[in-house]
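A.B. asks: This is the structure, below, for whatever I ask next.
The values are calculated or read from the model by the stated rules, or taken from the named source; none is laboratory data. All values reported here derive from a predicted model rather than from experimental measurement. Heads up, the Cβs are rebuilt from the backbone with ideal geometry, glycines too, and the neighbour counts pull from every protein chain shown. Surface accessibility is based on the protein's heavy atoms, side chains included, excluding ligands, DNA and RNA. Shrake-Rupley method; radii C 1.70, N 1.55, O 1.52, S 1.80 Å.
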Amino acid sequence: MNLSSIIKPLLAWFAENARVLPWREQVTPYRVWVSEIMLQQTRVEAVKAYFLRFMEALPEIADLAACDEEQLLKLWEGLGYYSRVKNMQKAARIVMAKYAGQLPRTYEQLLELPGIGPYTAGSISSIAFGEPNPAVDGNVLRVISRITASRADISAPKTKVKMTADLSGVIPHDNPGAFNQSLMELGATVCKPNGPPECMQCPVKPLCQGYAQGIAQTLPVKSPKKARKVEPRTILLLMRDEKIAVRKRPATGILAGLWEFPSLEGYPDDADLVAAVRQMGLEPLHMAGLMDAKHIFTHVEWHMKGMRITVEDIPAQNDADLVWVSPAQLLESYAVPSAFRPYVSYLREQHGL
Ligand code: SF4
């Protein structure tokens, strides 16, 4: 089929049906950039409040470039995939140094910035600058696979390359941003990822090959992902005098630079737990099991058991890099990743916060 035939009905549908979203109300390159980075791996509904808060705290690229890392991580707390915001700050600093604080407008220049891949470069350049570049993410791969009845595996990089090239050939030069957004919007609200596509509501149904052939629901073809590694962990809530021990994670690796409760690999028995806590220079007085929890990262799953341990006293120095804070301080000033949310909620409840 000729993909250019979808442009007119899609744009007309989008003009009528585009959702009202904070980043669409006032379109600037910076706002498009922040929203697109937040929307990677996070639902639109969840992003709205984060976006507004972020924009209030850091309204300009210069503010993002200058922001203290602790504040930045706190603003991102709960969104996950923290490398996204760290890369955004690195990019903001480059933009300040190299482009006088203005995001560059070409796809190629955007692509050189940390954390900006082909999809984000396509989005920013088309939506904010009107450059005719496609923005192909999982939504668009699904929608176009269905419209064209393509059985190509969308996990294969070459499928994305081909689809990007196909869309490059048809993207309207007078309104590329609306075209890209209309495809994303169709994927988010009609030709959805989970459950059957709502073809009866779809503006391109008369053109859709997947619908015509009755195979839309079986598309796209996607090879199964490798199983994630399961890591059992015991999370320690070490308490003394209304204070709790936290520590900063290493500067690289999973959840780099964020604050966490100390934890142990596996599920040690009581004797091993006592020994491990003593190794941190602490004397356990009382131990009680807390809830189990699970957190899924891209390649790893943490299967956690919680343990609340009251210790005898807080040593003046410790070898385990522990910092003792009140639960209120922890909530106020420390970025704790959502992996630990059940234990943070427990502290909230226990301390009436
Ligand atoms: Fe998706 Fe159905 Fe529309 Fe085709 S007709 S694009 S399968 S919602």
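A.B. asks: For the Cα atoms of the chain, what angle does the longest principal axis make with the long axis of helix 7-17, in degrees from 0 to 90, nearest 10?
C.D. replies: It is inclined by approximately 50 degrees.
A.B. asks: Right, another one. Mind pulling up the Rg/Rh value for region 1-131? Radius of gyration and Kirkwood radius, both on Cα.
C.D. replies: Radius of gyration relative to Kirkwood radius: 0.99.
A.B. asks: In whole Å, what is the distance between the alpha-carbon centres of region 232-248 and region 172-200?
C.D. replies: One Cα centre to the other: 46 Å.
A.B. asks: Relative to the compact-globule scaling 2.2 N^0.38 Å, provide the ratio for the alpha-carbon radius of gyration of the chain.
C.D. replies: Normalised Cα radius of gyration, the chain: 1.18.
A.B. asks: Ignoring ligands, DNA and RNA, what accessible area per residue does the chain give at 1.4 Å, in Å²? Walk me through the intermediate numbers first.
C.D. replies: Working: 17330 Å² over 353 residues.
I get 49 Å² per residue for the chain.
A.B. asks: On to the next question. When a/c reaches 1.5 or more, the comparison of a/b and b/c decides; with that in mind, is region 143-212 rounded, prolate or oblate per its Cα gyration tensor?
C.D. replies: Values: a/c = 1.65, a/b = 1.13, b/c = 1.47.
The shape class here is oblate.
A.B. asks: Would you mind checking the tilt of helix 176-189 against the longest principal axis of the Cα atoms of the chain, expressed as 0 to 90 degrees and rounded to 10?
C.D. replies: Relative to the chain, helix 176-189 is tipped by roughly 60 degrees.
A.B. asks: Please give the net charge around GLU60, taking every other residue with its beta carbon less than 15 angstrom from that of GLU60, where Lys and Arg add +1 and Asp and Glu add -1.
C.D. replies: Local charge sum for GLU60: 0.
A.B. asks: Taking the full set of protein chains and a 1.4 angstrom probe, give the accessible area of ARG151 in square angstrom, rounded to the nearest 10.
C.D. replies: We get 140 Å² for ARG151.
A.B. asks: Using only the alpha-carbon atoms, how far is helix 270-279 inclined from the longest principal axis of the chain? Give it as 0 to 90 degrees, nearest 10.
C.D. replies: Taking Cα atoms only, the helix is inclined about 90 degrees.
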